Amino acid sequence: MGGLGRYGTAALHCSDVAEANGALVPLQTALEPIDSCAPFVLRRLVSATPKHLRREGPKPNPFLPWDQRLEVERLGSSHLLLLNKFPVQRGHLLLITQQWRPQSGWLEPSDWQQLARVDAETPGLWFFNSCPEAGASQPHRHLQLLPRRPNEEICPLQGSIAAQLAGDEEPWPWRYQLSRRTQHDGPAGSEELEELYQEHAARLGLGDANTDEQPQAPYNLLISPEWFMTVARVKEHAAGFSVNALGFAGYLLLTGGSDATWLRSNGALALLRSVAMAP
């Protein structure tokens, strides 16, 4: 359990208890090697498809009230850390608002303040799906964190991202923004995150939080200790794959409806290009 920082370690302890009492339902997956998709990591869902991945009618809000058996820690009166009820990775955390805030609205200063607070103690891969078209399964605001140990690879596309930041690789064929992070502590850390968020939104044509009631298009966020990325989206599904922010980090999940033959022939980049906004 060592090396995951305060909140990551607490998440694993909480997971043990929550799994024992039935509150936590880890998803069973198996690696699906497809050479044409390297370095992407593809996993096939072996468990029954959980409700949040099914296309059905309106669902009750699982965060109001939240299941206290999944609660890791409250962060003041605004946010709390909650275990993902259906994790693929053990210790998958959700940063949710304690009161109703819409997933489809603009992220606010308090969101960035609490993200920076957790990030300083438990580094990892943060991701955010702005609405159903970007892969969001719940309308209540939640950012997600996959904790990482020191020297553990952040995500399968980390090498490509580092090469792009260094100017050594061509950009991907969809509309996105990628920036370095330089601040991590205290107010400076949260202020930089918010500034990058607003700067990327403007450059991608997503709008302005000061003048637009909500973002003008779906989008994903991916945040590591070293970089911040925003991807503009047009739809969630293609070739039977449900693609959320993790797709743009190099993780894909195959379910019963996924067309693995199409993916094998066309490659993972073609899948992402089909669900993202054209450059």
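The values are calculated or read from the model by the stated rules, or taken from the named source; none is laboratory data. Nothing here was measured: the structure is a model prediction, and the numbers come from that model. Every residue, glycine among them, receives a Cβ derived from its backbone with ideal geometry; neighbour counts consider all protein chains shown.
Among the candidates Glu226, Glu194, which residue alone is touching a helix residue (DSSP H, G or I) at 6+ places or on another chain (Cβ under 7 Å), modelled with pLDDT of 95 or more and among the acidic types (Asp, Glu)?
Answer to the selection: Glu194.
Taking the range 186-206 as the range and being farther than 15 Å from Gln114 by Cβ, of a type outside the set (Asp, Glu) and surrounded by fewer than 18 Cβ atoms within 10 Å (Cβ to Cβ) as the test, the residues that pass are Ala188, Gln198, Ala202, Arg203, Gly205. Strands (runs of 3 or more DSSP E) fully within the range 6-123 that include at least 1 residues being touching a residue at least 24 places away in the same chain (Cβ under 8 Å) and more than 30 Å from Gln214 (Cβ to Cβ): 29-31, 41-45. Each residue in the range 169-205 was checked for being in contact with a Pro (Cβ under 8 Å, 6 or more places away or on another chain) and either closer than 19 Å to Ser274 by Cα or among the polar types (S, T, N, Q) (or both), and 5 of them qualify. When the test is whether a residue is closer than 25 Å to Gln89 by Cα, under 18 Å from the mean Cα position of the chain (by Cα) and acidic (Asp, Glu), Glu194 does not pass it.
Selection over the range 77-103 of residues that are polar (S, T, N, Q) and crowded, with 23+ Cβ neighbours inside 10 Å gives a count of 1.
For the range 104-143, how many residues are under 19 Å from Ala276 (Cβ atoms), surrounded by fewer than 19 Cβ atoms within 10 Å (Cβ to Cβ) and aliphatic (A, V, I, L, M)? Total satisfying the criteria: 0. For the range 172-206, give me each residue that is of a type in the set (S, T, N, Q) and in contact (Cβ under 8 Å) with a residue 24 or more places away in the chain. Answer for the range 172-206, where residues must be of a type in the set (S, T, N, Q) and in contact (Cβ under 8 Å) with a residue 24 or more places away in the chain: Gln177, Ser179, Ser190. Given the structure, is Gln158 within 24 Å of Ile96 (Cα to Cα), of a type in the set (S, T, N, Q) and surrounded by fewer than 20 Cβ atoms within 10 Å (Cβ to Cβ)? No, not satisfied. Is the range 159-174 home to any residue that is at pLDDT below 95 and in a loop (DSSP other than H, G, I, E, B)? Taking every residue of the range 159-174 in turn, none turns out to be at pLDDT below 95 and in a loop (DSSP other than H, G, I, E, B). If a residue has to be among the aromatic types (Phe, Trp, Tyr) and under 13 Å from the mean Cα position of the chain (by Cα) to count, how many in the range 81-137 make the cut? Result for the range 81-137: 3. Of all the numbered requirements in (1) outside any loop (DSSP other than H, G, I, E, B); (2) at pLDDT 95 or above, Pro187 misses one, and that requirement is (2). For the range 219-277, taking the residues that are more than 25 Å from Leu145 (Cα to Cα) and charged (D, E, K, R), the one that is nearest to the chain's Cα centre (by Cα) is identified as Asp259.
Within the range 4-35, the residues that satisfy the criterion of being surrounded by 13 or more Cβ atoms within 10 Å (Cβ to Cβ), farther than 20 Å from Pro62 by Cβ and touching a Lys or Arg at 6+ places or on another chain (Cβ under 7 Å) are Leu4, Leu12, Thr29, Glu32, Ile34.
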